[in-house]
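Have a look at the structure below, then the notes.
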Amino acid sequence: MEFNKTEALLEKYFEGETSIAEENELKNYFSSQNVAPHLEQYKPLFGYFVEAKKENLEKNVPLIPKKQNKTWLSIAASIVVLMGVGTYIYFNTDKEKENAALGTYEDPKEALEATQKALAMLSNHVNTGVEGIQYIQVYELTKSKVFVQ
């Protein structure tokens, strides 16, 4: 095989555009003794394919019965589900009792004081947000003065 054709085939090979016949030509060329010195670096690559074809797997792989794995897996899944349900019930029973006690007042004056306290806290938070908006308005006014449209 001439060197230019070999180099062109190598380029096609690395681009993934060769046919099986062209790949066989390359394998035959690199398995022969008369390989060009500047192409010696590719000889182990194509030599590997020839050696890999000769290898046979002789080790026996033992098969594990699948029934035992499914049994242990189902037992483990059942335990996880039971623990999850138990944890959910344990931690949520206290919250339900607390939620039942919220918002119930026997004395109307006490209920009025609690409502006023909650509204005052809400008003403080709304006023904090309004102050932030005032800073934005000052920014917009300054920006409109600087960047006259």
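The values are calculated or read from the model by the stated rules, or taken from the named source; none is laboratory data. None of these values were measured; they are calculated from a predicted model. Using ideal geometry, Cβ is built from the backbone for each residue, glycine included, and neighbour counts are taken over all protein chains shown.
Taken as a whole, the condition of being part of a loop (DSSP other than H, G, I, E, B), outside the structural domain of Leu9 (by TED's automatic domain parsing) and at pLDDT 75 or above applies to Lys59.
Which residue pairs have Cβ atoms under 8 Å apart, sit 6 or more places apart or on different chains, and have a first residue in region 76-89 that is surrounded by 10 or more Cβ atoms within 10 Å (Cβ to Cβ) and a second that is at pLDDT 90 or above and assigned to a helix (DSSP H, G or I)? Partner pairs satisfying both residue conditions: none exist.
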